[in-house]
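Just so you know, all these numbers are worked out from the coordinates, no wet-lab data involved. The structure presented is a predicted model; accordingly, all values stated were derived computationally and were not measured. Glycine also receives a Cβ, built like all others from the backbone with ideal geometry; neighbour counts cover every protein chain displayed.
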Amino acid sequence: HGEAGSTDIESLQIDKASIKEKIEAYSACDIYNFDETALFYTTLPRTTISRQKFSGWKENKKQLTVDPLCNANGTDK
């Protein structure tokens, strides 16, 4: 469906095998996963309990950038 429907599954399997080969040389404590996301801590909800949208105000765009990081065996978080 959509972009997911156009994915070549065979090439993904080849890429997955290639990545596994590359990381076999490292121990689990040396393999890290890093991501970046934004936390909009001052943003009000966009809907009420009745699910009707609010109108007539400008959204506050204050944000905090959050960078979660963890290694493969979970000892560093």
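If you add up the charges near residue 34, with Lys and Arg at +1 and Asp and Glu at -1, over every other residue whose beta carbon is less than 13 angstrom from its beta carbon, what do you get? Write out the running numbers ahead of the final one.
On the way: positive: 77; negative: 35, 36, 67, 76.
So the environment of residue 34 carries a net charge of -3.
Taking 0.36 nm per residue of separation and subtracting the Cα-Cα distance, full extension of the segment from residue 12 to residue 61 would add 13.9 nm.
Using a Cα-Cα cut-off of under 30 Å, which lysines could be cross-linked to residue 77, ignoring same-chain neighbours fewer than 8 residues away? Output for residue 77: 16, 20, 22, 61, 62.
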